[in-house]
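Notes to accompany the following structure.
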Amino acid sequence: MAGLRAAVSWPNDKTYLFFDDDTYDRYDSVTGLREDSGLPLSNWPRLPRSPDAFAWWGAGKAYAFTGADYLRYDEPSDGVDPDYPRPIAGNWTGLFPTDIDAAVNWGNGKLYLFKGDSYVRYDITADRVDPGYPLPIAGNWTGVFPSDIDAVTYPGGRHAYFFRGGEWRRFDVDADAVDASGPLDASFQLAPTPSGGVTAARLLTLTQANRLMADLLRRGKLTLKSPAFVDGPAGIVQPKPDQRVVVSPPAFDGIRYTNQIAPASAVIDNLDQRMLIALYRLTRWINSSHPDVAELLHLGIGHGGPNPKDCHNQGRAIDLSGIKGTVDGTPFTRGIQKDWGDLPPGHQQPGVVRIAPAIDPLTYGLFTTAFRFGTYECEGNAIGTGNTWPMPELAGGGFVVYPDHKDPGLAAQHSNHIHMQIGVTKLP
């Protein structure tokens with residue numbers, strides 16, 4: 001059997017394993033079963049050979065690394081973008097400049113890339129390796145191969161997979177440790193993952209969101225107040241995909257959403273299930289590294305304005321107004337109004353963003369991460385499949401709206417929050 005060189009999970013619910021004889025196997029991420037094997041690499045236009053590492057990035061793009069170079073693969077057109085390959089050095093700040101062993105998108109705004117006995121964590125928002133890396137694999141990834149990893153993939157859900165030398169180890173993301181292992185042979189299969197595990201929340205169908213929500217409920221990531229969650233042998237019985245739900249307590253995986261208009265409220269109600277998935281994913285992005293976030297403040301989820309067809313009243317939007325947590329044990333609160341909207345005016349100047357890493361790195365890091373999350377998971381520069389690369393940058397336009405949005409009128413209306421939505425602003 002040829003040696004495994006790379007693996008990647010794609011938003012079409014497929015996982016691909018690439019081998020050093022320039023063939024690949026295709027697995028169905030939902031059933032976990034291998035669909036086909038020995039497929040020719042020519043099915044991936046302009047990939048010169050099986051990559052050393054392959055990682056989904058988001059917003060329709062993935063990156064393949066080979067030697068000292070990398071390619072950017074475009075999912076909508078199913079081919080490598082023009083003007084590639086390019087050198088890793090000078091384009092990936094802080095990354096190993098050559099011979100990356102494996103790479104994976106962890107679904108939380110971070111990529112992990114491995115080489116030898118070390119790894120780095122790459123931040124999608126800041127577009128650089130996080131401070132303090134590289135670190136040794138041993139002691140930081142419980143049960144994972146300590147060096148020379150051939151490939152890693154994460155189809156979403158609970159499990160990721162590490163491969164080396166004809167063996168695999170399954171990593172339980174919730175437990176943060178390996179929970180199974182075995183030989184990479186014809187018997188290998190993935191644990192079933194709900195459809196849409198790597199798909200942006202804005203592109204989820206109602207049925208996909210319903211099944212992803214059921215997976216989170218089974219894993220204890222949230223609790224429904226109504227409709228009551230009813231599981232069954234063939235899958236979720238209730239709620240139905242088109243039902244709006246009530247989450248209580250208003251928390252996802254221990255991170256609370258607090259309504260600043262009604263701080264005592266113990267629910268998030270009238271919630272579209274696609275937005276529920278977005279809210280869970282936002283907690284993963286915002287708490288994926290330093291500092292420790294405990295609470296997200298908002299001015300409305302599921303309610304807002306008189307029009308019942310508005311995205312808020314349809315349960316498809318959030319107005320994020322602040323973030324609370326601790327830095328090295330010291331509590332902090334950062335509010336959009338106080339720490340952004342009340343800064344000296346600047347949004348009338350094209351390209352000006354008033355928050356800055358040199359002045360307040362904590363505020364800048366938190367709010368830019370929330371912004372980038374919104375452009376990748378919610379509506380960015382269009383609606384649904386109309387969103388196209390590149391996603392908006394700060395001080396630009398788009399459907400994520402905040403104090404320095406390109407439109408001065410929208411910026412003034414959003415001086416105290418970051419607005420994120422799924423679907424159209426108003427139903428016809």
Gyration tensor on Cα atoms of the range 124-206, a ≥ b ≥ c root eigenvalues, a/c under 1.5 rounded, else prolate if a/b beats b/c, else oblate, says oblate
If N is the residue count of the chain, its Cα Rg over 2.2 N^0.38 Å rounds to 0.97
The relative contact order of the chain, taking Cα pairs under 8 Å that sit 6 or more residues apart, comes to a percentage of 10 percent
Scoring only Lys, Arg, Asp and Glu (+1, +1, -1, -1) among other residues with Cβ under 10 Å from the Cβ of Q208 yields +1
To the nearest 10 degrees, the tilt of helix 273-286 (Cα long axis) against the first principal axis of the alpha carbons of the chain is 80 degrees
Looking only at lysines whose Cα falls under 27 Å of K14's and that sit 8 or more positions away or on another chain, we get K61, K110, K115, K221, K240
Restricting to lysines and to Cα separations under 19 Å from K324, and discarding same-chain partners fewer than 8 apart, the set is K338
Of G60, G32, G329, the most mobile residue in a GNM of the chain (C-alpha springs, cutoff 10 Å) is G329
Filtering GluC sites (Glu not before Pro) in the range 356-416 by DSSP loop and by at most 16 other Cβ atoms within 10 Å leaves E393
Checking L184, L271, L296 against a Gaussian network model of the chain (alpha-carbon springs below 10 Å), the top fluctuating residue turns out to be L184
Taking R0 as 45 Å and r as the Cβ-Cβ distance between Q337 and N140, the FRET efficiency 1/(1 + (r/R0)^6), rounded to the nearest 0.05, comes to 0.75
Scattering profile of the range 201-421 from the Debye formula, Cα beads only, expressed as log10 I(q)/I(0) at q = 0.09, 0.10 Å⁻¹, is -0.35, -0.44
Listed with the fewest Cβ neighbours within 10 Å leading, L216, L113 appear as L216, L113
Footprinting proxy, I359, I318: sorted fewest to most Cβ within 10 Å, the residues are I359, I318
Taking Cα atoms, the helix 361-377 axis meets the longest principal axis of the chain at an angle in degrees (rounded to 10) of 70 degrees
Label model pair S187, L362: point-to-point distance (7 angstrom along the Cα→beta-carbon line) in nm is 5.3 nm
Projected onto the charge dipole of the range 27-135 (unit charges on the beta-carbon of Lys, Arg, Asp and Glu, signs +1, +1, -1, -1), the Cα from Y133, S37, L111 with the largest positive-side position is that of Y133
When the charge dipole of the chain is computed with +1 on Lys and Arg Cβ and -1 on Asp and Glu Cβ about the Cα centre, the Cα farthest towards its positive end, among H417, A294, H312, belongs to H312
When the chain is treated as a Gaussian network with springs between alpha carbons less than 10 Å apart, the largest mean-square fluctuation among A382, A177, A234 is found at A234
Expected sort for H405, H298, H290 with the fewest Cβ neighbours (10 Å cutoff) up front is H290, H298, H405
In this structure, the FRET efficiency calculated for A294 and D174 from their beta-carbon separation, with R0 = 22 Å, to the nearest 0.05, is 0.70
Net charge near R34 (other residues with Cβ under 9 Å of its Cβ; Lys, Arg +1; Asp, Glu -1) is -3
Given unit charges at Cβ for Lys, Arg (+) and Asp, Glu (-), the dipole magnitude of the chain about its Cα centre in debye, nearest 20, is 1140 debye
Rounded to whole angstrom, the alpha-carbon centroid of the range 394-422 lies from that of the range 18-67 at a distance of 38 Å
Counting only backbone N atoms under 16 Å from a point 7 Å out along Cα-to-Cβ of A68, the residues of the range 96-140 in range are 96-100
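Bear in mind that the values in this text are calculations on the coordinates, not laboratory data. Nothing here was measured: the structure is a model prediction, and the numbers come from that model. Note that we place each Cβ from the backbone using ideal geometry, even for glycine, and neighbour counts take in every protein chain shown.
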